[in-house]
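Q: Would you mind keeping the following structure in view while I ask a few things?
The values are calculated or read from the model by the stated rules, or taken from the named source; none is laboratory data. No experiment lies behind these values; they were computed from the predicted model shown. Methodologically, a virtual Cβ is constructed for each residue, glycine included, from the backbone with ideal geometry; neighbour enumeration extends over all protein chains shown. Only protein heavy atoms, including side chains, enter the accessible area calculation; ligands, DNA and RNA are left aside. Shrake-Rupley method; radii C 1.70, N 1.55, O 1.52, S 1.80 Å.
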Amino acid sequence: MSQLTQSAAWAALEQHQKSIAPQHMRDWFKADPQRAERMRLSAAGLTLDYSKNRANDETLSLLMDLAKQQGLNKLRVAMFSGETINNTEQRAVLHTALRANPSDSAWQPQADKIEAVQASLEKMRDFVEQVRAGQWHGYTGKAITDVVSIGIGGSFLGPKMASESLKPYWHESLSVHYVANVDGTAIADKLKGLDPETTLFVTSSKSFGTQETLANTLSARAWFYESGAGKQDVAKHFVAVTSNIKAATEFGIDENNLFPMWDWVGGRYSMWSAIGMPIALLIGFERFEEILKGAEAMDTHFMEAPIEQNMPVLMAMLGVWYANFFDSHAHVILSYDHYLRALPGYLQQLDMESNGKNVTRSGELVDYHTGPVIWGGEGTNGQHAYHQLLHQGTRVIPADFIMPLKSHNPIGEHHDMLASNCFGQTQALMQGKTLAEAQAELAGSQHSPEQLSLLAKHKVMPGNKPSNTILMERVTPYTLGALIALYEHRTFVQGVVWELNSFDQWGVELGKQLGNSVLSAIRDTHAEVELDASTEYLVNSFRQAKPQ
Ligand code: F6P
């Protein structure tokens, strides 16, 4: 057994769970009128209501004991002070430096990094302002009208999610398109209708070695050349964000068109760097800086607030409570805002690539569950699809409801209806419906007694399903920055408890390696590639179908 599962804090939670499990949140709310007020917290423009959780004051106190036991305070400081906490890659984890206030003396020990970040932001500002003002010209002298951002994973999900979230702030005539997948349809579809003379490509790749991104950039360049442009014109249409300057210049990107990334920023934590350039192109550099400010405010809260009143810590520890003590395997993100619809997809990478691990920092196999399956979607759509399982399914799936109080599009009563659905769902999940309530509802109906009894059973909702609700005034660059930083720190805290390195991603490597050897098998019948019988069949089927 691991030290963690044998520890005093873990054992206390296991014991405590036995007394909590039979209790119902509905009764807690009735018995304690102060519960909602006590279990509410505001920071960085966000308010978290965590009262609809299967937790009482003692639960929270025991969870905080676990966080302390696992060294949260020490590791939190270690991360912000640039220690190499990514121990398998020997790297610091300093995405927080990307949004640091440069005049904050706490950052003095990282002065070199802060200086590099500020220089990069200045270069970015200059470029973004030129493009947005129509002063960056393509090879025939025309202003840029379309930007195609090429990147995948962290070099795609953050910029795309933030761009969609901040649509009300978009430039009126500049469009940004995203291409990630190596499926040729993705880029072919995007390029249809674009004009090579007015299109700018931003290749975003920390490593500049990612198959999908390089293939898409090559296809983009081939499309560009087809228009009659030459090699000398590439510098006006291709820029890149990368930490691998050598690979990017060898690839043919002009050195002046390179924006830096650093090995101390993980891909899924990088939207605050020049990787976020497509966002800045759409919403303007000053608004991009607002995103950084919102994130910085959440960083300050995370660093300074006592852990008992710390939003990322509370959310993380409640997640641990369900994952490890209620055998919950999933966590659902429900954005009640159309602009935030890409958030669950973004959080999937952030959380699952960070904490989808089975080995501790020191290489021990874990004997407890780590990161859950993250999924979700846009409310109210999900209510007519998968909420059935949330309400009456057999699994505990904690939910995060995200609800801006004001809409960017206040049409008729739409926003009232949206909010009432959001809040009503949290209430239904919490209180459920008893058999007596279901029977009372059916009383006086035309059903036979047998049918009535059957129906009543089907209408029972157990309730006691946990949820958090996150409110914000409106989706703005600032609140979005705070929201993303909140989830980053939540992920970090859970990694601390589970003793994981949340900043590497070795699990994706084998798939990449085998994908490459399968590619040689697809290209060449004589390739010496070892394939199992199933994969061999798949490869042969593909080869036979291939046009000669
Ligand atoms: O395959 C996983 C991954 O390494 C992610 O962690 C990363 O965000 C993505 O690929 C893209 O990597 P890069 O920015 O180096 O192209």
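Q: What number of residues within segment 405-449 are in contact with a helix residue (DSSP H, G or I) (Cβ under 6 Å, 6 or more places away or on another chain) and buried (at least 17 other Cβ atoms within 10 Å of the Cβ)?
A: Result for segment 405-449: 4.
Q: Mind checking which residues of segment 243-277 are buried (at least 18 other Cβ atoms within 10 Å of the Cβ), part of a helix (DSSP H, G or I) and of a type outside the set (A, V, I, L, M, F, W, C)?
A: Matches in segment 243-277: Asn257, Gly267, Arg268, Tyr269, Gly276.
Q: Let me ask another. Read through the list (1) of a type in the set (A, V, I, L, M); (2) touching a Pro at 6+ places or on another chain (Cβ under 8 Å); (3) over 17 Å from Leu218 (Cα atoms), then give the number of the only condition that Ile144 fails.
A: (2)
Q: Just checking, which of Val508, Val539 is within 16 Å of the ligand (Cβ to nearest atom), assigned to a helix (DSSP H, G or I) and farther than 30 Å from Arg38 by Cβ?
A: After ruling out the rest, the residue left standing is Val508.
Q: Could I ask something else about it? Where residues in segment 317-358 are open to solvent by 10 Å² or more (accessible area, probe 1.4 Å) and of a type in the set (A, V, I, L, M), which of them is nearest to Asn86 (Cα to Cα)?
A: The selected residue is Met352.
Q: Additional query: When the residues of segment 247-281 are narrowed to those that are charged (D, E, K, R) and within 14 Å of the ligand (Cβ to nearest atom), which ends up nearest to the chain's Cα centre (by Cα)?
A: Step one: list which residues in segment 247-281 are charged (D, E, K, R), which gives 250, 254-255, 263, 268.
From what's left, within 14 Å of the ligand (Cβ to nearest atom): 263, 268.
Values: Asp263: 20, Arg268: 8 Å.
Within segment 247-281, the match that is nearest to the chain's Cα centre (by Cα) is Arg268.
Q: OK, next. Given Arg54, Arg99, which one is at negative phi, open to solvent by less than 20 Å² (accessible area, probe 1.4 Å), touching a residue at least 24 places away in the same chain (Cβ under 8 Å) and basic (Lys, Arg)?
A: Exactly one residue qualifies, and that residue is Arg99.
Every residue, every condition in (1) open to solvent by 40 Å² or more (accessible area, probe 1.4 Å); (2) modelled with pLDDT under 95, yes or no:
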position: Glu473; (1), (2): yes, no
position: Leu480; (1), (2): no, no
position: Val493; (1), (2): no, no
position: Asn501; (1), (2): no, no
position: Leu510; (1), (2): yes, yes
position: Ser517; (1), (2): no, yes
position: Ser520; (1), (2): yes, yes
position: Leu531; (1), (2): yes, yes
position: Gln548; (1), (2): yes, yes
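Q: If you don't mind, there's one more thing I want to ask. Quick test of your reading of the structure: Val239 fulfils all but one of (1) part of a strand (DSSP E or B); (2) open to solvent by 10 Å² or more (accessible area, probe 1.4 Å). Name the failing condition by number.
A: (2) is the only condition that Val239 fails.
Q: Can you tell me which residue in segment 138-177 is farthest from the ligand (Cβ to nearest atom), limited to those that are loosely packed, with under 15 Cβ neighbours inside 10 Å and over 28 Å from the mean Cα position of the chain (by Cα)?
A: In this case the residue turns out to be Gly141.
Q: Tell me which residues, restricted to segment 371-394, are of a type in the set (Ser, Thr, Tyr) and surrounded by fewer than 15 Cβ atoms within 10 Å (Cβ to Cβ). I'd like the intermediate steps shown before the answer.
A: Going residue by residue through segment 371-394, those that are of a type in the set (Ser, Thr, Tyr) are 380, 386, 394.
Listed by number, the list holds a single entry, Thr394.
Q: Restricting attention to segment 395-440, report how many residues are over 24 Å from Pro168 (Cβ atoms), in contact with a strand residue (DSSP E or B) (Cβ under 8 Å, 6 or more places away or on another chain) and of a type outside the set (Ser, Thr, Tyr).
A: 10
Q: If the requirement is being of a type in the set (Gly, Ala, Ser) and under 25 Å from Ala215 (Cβ atoms), which of these qualifies: Gly511, Gly481? Write out each step before concluding.
A: Values: Gly481 fails: under 25 Å from Ala215 (Cβ atoms).
It is Gly511.
Q: Hey, another quick one. If you go through segment 190-218 one residue at a time, how many are part of a helix (DSSP H, G or I), touching a strand residue (DSSP E or B) at 6+ places or on another chain (Cβ under 9 Å) and away from the ligand (no atom under 16 Å from the Cβ)?
A: The first filter runs over segment 190-218 and keeps only residues part of a helix (DSSP H, G or I), leaving 190-191, 196-198, 211-218.
Adding the requirement that they be touching a strand residue (DSSP E or B) at 6+ places or on another chain (Cβ under 9 Å) leaves 190-191, 198, 212-214, 216-217.
Add one more test, that the residue is away from the ligand (no atom under 16 Å from the Cβ), and what stays is 190-191, 198.
Matching residues across segment 190-218 total 3.
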